[in-house]
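To start, the structure under review is shown below, and the notes come after it.
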Amino acid sequence: MSPVPVPASLATGSVVLPTRIKTAFAFRWSDALVPSPWVTTKSTTPFAYLIIAMGLASLTLVNRAEVVANEQPNIVIILADDLGFSDLGCYGGEIETPNLDRLAEDGLRFTQFYNTARCWPTRSAMMTGHYAQAIGKDTLIEGKRRGAHNLRPDWAPLISVPLREVGYRSYHSGKWHIDGKPTENGFDRSYWLRDHDRLFGPTKHFLDDKTLKPVTDDESYYSSTAIADHAIECLQDHAAEHSSQPFFSFVTFNVPHFPLQAPAEDIAKYDGRYDDGWQAMRQRRFERMQDLLHLPAKLSPVEPDVGPPYYFADAFEKLGSGEVNRPVDWESLTSAQKEFQANKMEIHAAMVDRMDQEIGRLLDQVDAMGQTDNTLVIFLSDNGASAEIMVRGDGHDQEAMMGTGETYLCLGPGFSNACNTPFRRHKTWVHEGGTSTPLVVRWPKKITDAGALRNQPGHVVDLWPTIADAVTATSRTEETPFEVIGLPGGYDRPGKSLLPTIVANTSVARDHLWWLHEGNRAIIAGDWKLVAAKDQPWELFNLAEDRSECVDLSHTHQERVAELSAMWIAETEKIRQCVDAYTGED
């Protein structure tokens, strides 16, 4: 890759930054935009940001007077990775998340919002408004595997594409896990963290889709801070250079996804917090949650035979005797196992805590721009907490301090089950524990009942039409780039706009919501949910009374099972015909 030339006006100077600001894109002048050591600034030594070489003059917050208000809302989507339903303080968790809690106080919390149970299908569905299987982003038929890197049909653009057509500038910061490249899909700028195995030292990451050098061991870098730094820098540049345009900021953290790695000072905050185990933690969260969310749910029984969705025999040899692959009774564990498991949960909590700190900095930047009132902020997770156990990346050093870059740890089923309180199962399953996510929405200009709950069911496919509706409702033009043509006959985008629910708590009508992932399948119609794990029979639940799927009604409501099963088959066939139409397969 040829280095991008440094502007002549910057080539001989040095930049002084406040010592409190951690750099994510610092470099020596001689590197000329080829990334060099990532450092924490402690003095006024000569260096500058990679972003500065692209035209920024500083990292200080931009004064609100420099920003021209737009009628169209700014949009910020913040996506967590493998976050449990009850991990946030405002959803019952003990992890310190004051910034997301404040976001909820100033906005809304949805109590029944769903994802697809997996990373890349959720991202594709959220950004297009289509079920992932319909656009080649997840497997529909066994033997015809489709995933994150399959090409989408032309009629399924990412939301950033039509947003550009109506004048938005779009910025991506963090994990991608969608096909193509960000700057080829409507984003003006991007920091793409493609390395999912190293939170302290990524080897694969890109700035505006240009390769950056791997981060070395002696450099100061943590993914959540770097992601937030880039998002903030983009907004600072937007305020300075593009204040007449609305912005879309897509901020995608890669935490608390494994490997469990976090700054030592954040882990220390939770020392000893989980020593009494996952059952005690689960009970405490459930009690707090009942006061906060008023869910029609009991605390679901633990399923001791349900462990990780995949089995890697070598992982247990690498991880040592402290690892446990079933959510067994806490008191049945050895002292060494208890310590190992509790330490892993401390790191998970630290990852969520640090993400919240960085979200606070991002929200402060929006506020400094004077754009809080007219910025639609949406926070959610791509799936539930994960029961997976594996070792990837650079392996796991049993002698190293847990949570450092030399270790590779996964949360495992015991504490994953607790993080998904009060629900059953985990990531990859389409029971409530795998698919339920916190959804926090703030838009002060339109939300008049801040701090309220929204019990309307929703799904990530709804975000595309919701954003389109919000933008169109405030547009001064007659352009309608959100109306995509070319959909196969008989198929339409399944997402529904939740704008009426957000603004006025009005219910949104829909026939059903549908799931399929790795043989796990489900459908919700009204209050009823039909769900099954791979190769298992259907279970039936009345979610209005039993959100945590405790009482299977399939044997006493067989007509309802037949009705919903036929509905699931019909939706699956409709999606299959859609795929056949644009792939030429049959």
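The values are calculated or read from the model by the stated rules, or taken from the named source; none is laboratory data. Values in this document were obtained by computation on a predicted structure and should not be read as measured data. We place every Cβ from the backbone using ideal geometry, glycine too, and count neighbours over all the protein chains shown. Each accessible area value is taken on the protein alone, full model and side chains, heavy atoms only, with ligands, DNA and RNA left out. Shrake-Rupley method; radii C 1.70, N 1.55, O 1.52, S 1.80 Å.
Below are the figures for this structure:
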read-out: Test: L380 is part of a helix (DSSP H, G or I) and surrounded by fewer than 24 Cβ atoms within 10 Å (Cβ to Cβ); value: no
read-out: Meets criteria (in contact (Cβ under 8 Å) with a residue 40 or more places away in the chain and surrounded by fewer than 24 Cβ atoms within 10 Å (Cβ to Cβ)) for D209; value: no
read-out: Only one of S224, S220 that is modelled with pLDDT under 95, in contact with a Lys or Arg (Cβ under 8 Å, 6 or more places away or on another chain) and under 24 Å from L260 (Cα atoms); value: S220
read-out: Search result, residues across segment 128-142 that are touching a strand residue (DSSP E or B) at 6+ places or on another chain (Cβ under 9 Å) and either surrounded by fewer than 24 Cβ atoms within 10 Å (Cβ to Cβ) or of a type in the set (D, E, K, R) (or both); value: D138, T139, L140
read-out: Residues satisfying the stated conditions in segment 224-280, i.e. farther than 19 Å from S160 by Cβ, buried (at least 24 other Cβ atoms within 10 Å of the Cβ) and of a type in the set (S, T, Y); value: S224
read-out: Hey, R284 touching a residue at least 60 places away in the same chain (Cβ under 8 Å), surrounded by fewer than 24 Cβ atoms within 10 Å (Cβ to Cβ) and closer than 30 Å to D195 by Cβ or not; value: no
read-out: Out of D266, D275, D271, sole residue that is touching a Lys or Arg at 6+ places or on another chain (Cβ under 8 Å), part of a loop (DSSP other than H, G, I, E, B) and either aliphatic (A, V, I, L, M) or modelled with pLDDT of 95 or more (or both); value: D275
read-out: Which listed residue is farther than 30 Å from T372 by Cα and not in a loop (DSSP other than H, G, I, E, B), from R282, R288, R326; value: R282
read-out: Scan of segment 332-363 for residues that are part of a helix (DSSP H, G or I), farther than 27 Å from D229 by Cα and touching a helix residue (DSSP H, G or I) at 6+ places or on another chain (Cβ under 9 Å), ordered by number; value: K338, F340, Q341, A342, N343
read-out: Candidate set from segment 164-177 (those that are among the basic types (K, R) and out of contact with any Gly (no Cβ under 7 Å at 6 or more places or on another chain)); member that is surrounded by the most Cβ atoms within 10 Å (Cβ to Cβ); value: K175
read-out: From A336, A368, residue being touching a Ser or Thr at 6+ places or on another chain (Cβ under 7 Å) and open to solvent by 10 Å² or more (accessible area, probe 1.4 Å); value: A336
read-out: Options E432, E399, E406: the member that is modelled with pLDDT of 95 or more, acidic (D, E) and buried (at least 24 other Cβ atoms within 10 Å of the Cβ); value: E432
read-out: Whichever residue in segment 226-250 is touching a Ser or Thr at 6+ places or on another chain (Cβ under 8 Å) and aliphatic (A, V, I, L, M) and, among such residues, is farthest from D373 (Cα to Cα); value: I227
read-out: One residue from V161, V215 being surrounded by fewer than 22 Cβ atoms within 10 Å (Cβ to Cβ) and among the aliphatic types (A, V, I, L, M); value: V161
read-out: Residue in segment 477-484 that is touching a Cys at 6+ places or on another chain (Cβ under 6 Å) and at pLDDT 80 or above present; value: no
read-out: Subset of segment 483-519 that is β-branched (V, I, T) and open to solvent by 20 Å² or more (accessible area, probe 1.4 Å) - its residue that is nearest to V471 (Cα to Cα); value: V503
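Here is a yes/no grid of residues against (1) part of a loop (DSSP other than H, G, I, E, B); (2) in contact with a strand residue (DSSP E or B) (Cβ under 7 Å, 6 or more places away or on another chain):
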residue: L103; (1), (2): no, yes
residue: R109; (1), (2): no, yes
residue: L151; (1), (2): yes, no
residue: S173; (1), (2): no, yes
residue: H177; (1), (2): yes, no
residue: D195; (1), (2): yes, yes
residue: F200; (1), (2): yes, no
residue: T203; (1), (2): yes, no
